[in-house]
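Written below as structure tokens is the structure these notes are about.
Throughout, read-outs are computed from the coordinates displayed, never taken from laboratory work. This one's a predicted model, so the numbers in the text were calculated from it and none came from an experiment. We place every Cβ from the backbone using ideal geometry, glycine too, and count neighbours over all the protein chains shown.
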Amino acid sequence: MEGKVAVITGAAKGLGRAFAEILLREGVKVCLCDINTENGRRTEKMLQEKYSNDRVFFMKCDATVDTELESTLNHVIERYGGIDILCNNAGIINEMDWKKTVAVNLSAVIHGTLLGLRYMGKAAGRPHGVIINIASVPGAVPMSYGPVYTASKQGVVGFTHSVGFLSPNLNDVCVNCLCPTFVNADILKCDESAPDFVCSRDAQLVEPSRKMFDEVGIMGPEEVAESFLELVMNESLSGAGFLITRASKSLLRMPLELPELFDKYSSL
Ligand SMILES: NC(=O)C1=CN([C@@H]2O[C@H](COP(=O)(O)OP(=O)(O)OC[C@H]3O[C@@H](n4cnc5c(N)ncnc54)[C@H](O)[C@@H]3O)[C@@H](O)[C@H]2O)C=CC1
Ligand SMILES: CCC(=O)/C=C/C=C\C[C@@H](O)/C=C/C=C/C=C\[C@@H](O)CCCC(=O)O
């Protein structure tokens, strides 16, 4: 991993920051992209102090703005010479502004992947590339209080399964996705005062999820980052989706393990 270059969207905090940190630990150079400059600069400072100034930097980038995402990738190529790992991680849950949820969670992931296929791997004169799209458990099962969020994540899983099937043969870029269960991050707060954390206003729908927190547990971002690293290092898989649960503490390949998961949810 030493010397490889990674770009992570939504990396100012939560899972994106944990993914950045585990890659830095392995010797990778990382560009942290996020729409939130304040958190992004804070994370940049923290990681530069821990690793070094020249191995990590922050770029303000709204992943939903096509030109911003593309110019970010170009900037990273100029600065570090290429890109080997791209993680399309930025995500929100906002059932009221459903177009924004689809734009961040699905459209930006599709655009990021298509750019990655152009700027990484053989097409860009690099030996190999890895794209990891962050979906979620609702990428495979329904989540009643977040139908738009669910649709966006199912879109990510379907897109990844399809595009990842061919991409290793085309230009040696693997595309996979991760579906973690609940992770301790701001997105879980469902705080209606923060516009991007709005899920259903119907308490009766949200309540079952709170029960699910106890049932399936809430993972730490660093636990998910260990599985993320395992997937980044696997150069033979593509078009696959992986579930990460607290109980398994490892990657479960979808859809093989899903019948068991459906049983678990339908019995609650
Ligand atoms: N926390 C959880 O329980 C789970 C989260 N996920 C997914 O993991 C990903 C990361 O979420 P968390 O770290 O949990 O949430 P978070 O809310 O802590 O972090 C999300 C980051 O994305 C950034 N962001 C939002 N819109 C953006 C945009 N347009 N462009 C660039 N950055 C943007 C935010 O500023 C924030 O820094 C999301 O895709 C989420 O759907 C998946 C499964 C479980
Ligand atoms: C209460 C606020 C909240 O739950 C917000 C969640 C936002 C994002 C987290 C998401 O990515 C993780 C979801 C994991 C879900 C696991 C199981 C669900 O599919 C069960 C849904 C049960 C139901 O339909 O009520």
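Dipole orientation for region 29-128: of the candidates LEU115, GLY82, PRO127, PRO127 has the Cα lying most toward the positive pole (charges on Cβ; Lys, Arg +1; Asp, Glu -1).
Just check region 1-91 against the gyration tensor rule for me: Cα atoms, a ≥ b ≥ c as the square roots of the eigenvalues, rounded for a/c under 1.5, and otherwise prolate or oblate depending on whether a/b exceeds b/c.
It comes out oblate by the Cα gyration axes.
Of interest is the spacing of the C-alpha centroids, which for region 34-104 and region 1-28 amounts to 11 Å. Legend: distances between Cα atoms for LYS45/LYS153; LYS13/LYS60; LYS99/LYS153; LYS99/LYS211; LYS13/LYS189; LYS4/LYS50; pairs beyond 20 Å are LYS45/LYS153; LYS99/LYS211. In loop segments of region 19-115 as defined by DSSP, the GluC sites (Glu not before Pro) with at most 14 further C-beta atoms inside 10 Å of their C-beta are GLU26.
Scanning the chain for trypsin sites (Lys or Arg not before Pro) in DSSP loops with at most 15 neighbouring Cβ atoms within 10 Å leaves 1-200 as the longest stretch between them. With the simple spin-label model, which puts each label point 7 Å out from Cα in the Cβ direction, the ARG42 to ILE110 separation comes to 3.4 nm. Estimated at 0.36 nm per residue, the fully extended path between SER71 and SER144 surpasses their Cα-Cα distance by 22.6 nm.
From helices alone, the chain scores -14000 deg cm²/dmol at 222 nm; the rule is -39500 (n - 2.57) for each run of n ≥ 4 DSSP H residues, then divide by the residue total.
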